[in-house]
Every structure is written in C-alpha cells, then in structure tokens.
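To keep things clear, I will list the structure first and then write my remarks on it.
The values are calculated or read from the model by the stated rules, or taken from the named source; none is laboratory data. Computed from a predicted model, the values in this text were never measured in an experiment. Heads up, the Cβs are rebuilt from the backbone with ideal geometry, glycines too, and the neighbour counts pull from every protein chain shown. The accessibility values were calculated without ligands, DNA or RNA, using every heavy atom of the protein model including side chains. Shrake-Rupley method; radii C 1.70, N 1.55, O 1.52, S 1.80 Å.
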Amino acid sequence: SLAGAIPSNFSALSKLVEFLVQENSLRSSNLEANIFNFIDPLVQRSLKVLDIARNNFTGTISEAVFALPSLQVLFAGSNCFSGALPSNICNARNLEILELSSMSSGPSCRKYIWAGTAFEGVFTSFVATNKMQGALPACVFGLPRLETMNVNGNNLLGVLPTTISPSLEKISLSRNKLS
C-alpha cells in the first residue's frame with residue numbers, strides 16, 4: 001500500500017540489485033521533469049531486477065532504465081505511461097525478461113465506459129486515457145539474452161523482423177499494430 005513518489009535519493013543506492021515495488025499506488029514525481037529520478041545508471045551499476053508494474057506512474061519511460069548496465073528483468077506494465085519507448089531500449093544487452101504489457105491502462109488512467117449508467121456494475125469496459133505511441137523497435141527481437149518478451153496491449157507499430165534471437169522462448173505481441 002505504498003503511495004506517493006519514490007524519493008530521488010534512492011538513485012544513490014549503489015549496491016541495489018533488485019528494486020521491487022509492484023502493485024502499489026506509487027506515482028511519478030510532480031516536482032521534477034525526470035519521473036525516473038530514483039534511477040541513476042552511473043551509480044546503480046548492479047541493479048538487475050526492476051519491477052514497477054501495476055502502479056500509477058505517468059509520463060514516458062526514461063532512457064535511464066535501459067542504460068542500467070546490469071538490467072536483466074524489467075516489469076513496467078499496467079501503469080499510465082504514454083509516448084514512445086526510449087531509443088536506447090536495444091542497448092539493454094543483458095535483458096532476459098521484458099514485461100511491458102498494457103503500459104497505458106493502469107487502474108488510475110482508465111475511463112470506464114459504463115460509469116454513471118444502469119450498467120455500471122454489470123460491464124467493466126474502459127478506455128485508457130493515456131496512449132503509447134511509436135514503434136516497437138525490431139532490434140528488440142535481437143537482444144542476445146532476451147528469453148521472454150511481453151509487450152501486448154500497447155498499440156505499438158512496427159514490422160516483425162525476419163530473424164529473431166535464438167534465446168527468445170516466449171513472445172506476446174497481442175493488441176498492437178504490428179505487421
């Protein structure tokens with residue numbers, strides 16, 4: 001039941017290996033332009049696992065996330081992110097699990113279609129108030145250690161590559177605009 005923003009002084013935790021804050025009510029800091037001010041890839045060189053899924057984060061995913069030199073696992077789905085994936089996503093050469101499903105449809109950014117009607121308790125359909133934009137870079141499919149990639153439900157554009165990394169075991173791409 002954590003709420004509020006993650007303090008920026010967490011970026012000084014140089015020995016941090018895992019940062020798991022999933023399923024809380026954490027949000028982006030309104031005070032700073034960098035909503036990922038709790039990450040510093042120059043300091044957090046040992047951070048392998050980052051799980052910020054199912055919170056209330058808004059804005060865009062920072063390039064700092066994919067600049068973490070030891071990052072192996074990233075869970076960031078079910079938040080209220082918008083914009084494009086960072087251009088440096090393919091620099092995360094140690095990434096093994098990439099879980100970015102429904103990045104724009106977290107509970108705090110849903111507009112319920114049947115709210116205020118007689119069907120409110122019957123149907124739970126919603127639209128996301130934030131939207132991901134841009135493409136899923138084809139280079140992600142070539143990350144050398146990537147075993148699991150789940151990027152469903154983001155409306156991302158892109159072309160599936162003709163070759164993929166032999167390390168990939170599980171791929172979920174549903175509810176995107178890929179060809």
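How many residues does the range 28-69 hold that are open to solvent by 30 Å² or more (accessible area, probe 1.4 Å) and either touching an Asp or Glu at 6+ places or on another chain (Cβ under 9 Å) or closer than 20 Å to VAL17 by Cβ (or both)?
Going through the range 28-69 one residue at a time, the tally reaches 9.
Looking at the range 126-179 only, could you name the residues that are in a loop (DSSP other than H, G, I, E, B) and either of a type in the set (Val, Ile, Thr) or free of Cβ contacts under 8 Å to residues at least 12 places away in the same chain (or both)?
Selection gives THR129, VAL151, VAL159, THR162, THR163, ILE164, PRO166.
Of all residues in the range 148-170, count the ones that are within 17 Å of the chain's Cα centre (by Cα), closer than 19 Å to GLU96 by Cα and surrounded by fewer than 16 Cβ atoms within 10 Å (Cβ to Cβ).
Matching residues across the range 148-170 total 0.
Here's a check for you: in the range 70-84, which residue that is surrounded by fewer than 21 Cβ atoms within 10 Å (Cβ to Cβ), more than 8 Å from the chain's Cα centre (by Cα) and not in a loop (DSSP other than H, G, I, E, B) is modelled with the lowest pLDDT?
Step by step, filter the range 70-84, then rank; the result is GLY83.
What do you reckon, is LEU47 touching a residue at least 40 places away in the same chain (Cβ under 8 Å) and more than 12 Å from the chain's Cα centre (by Cα)?
So LEU47 fails the test.
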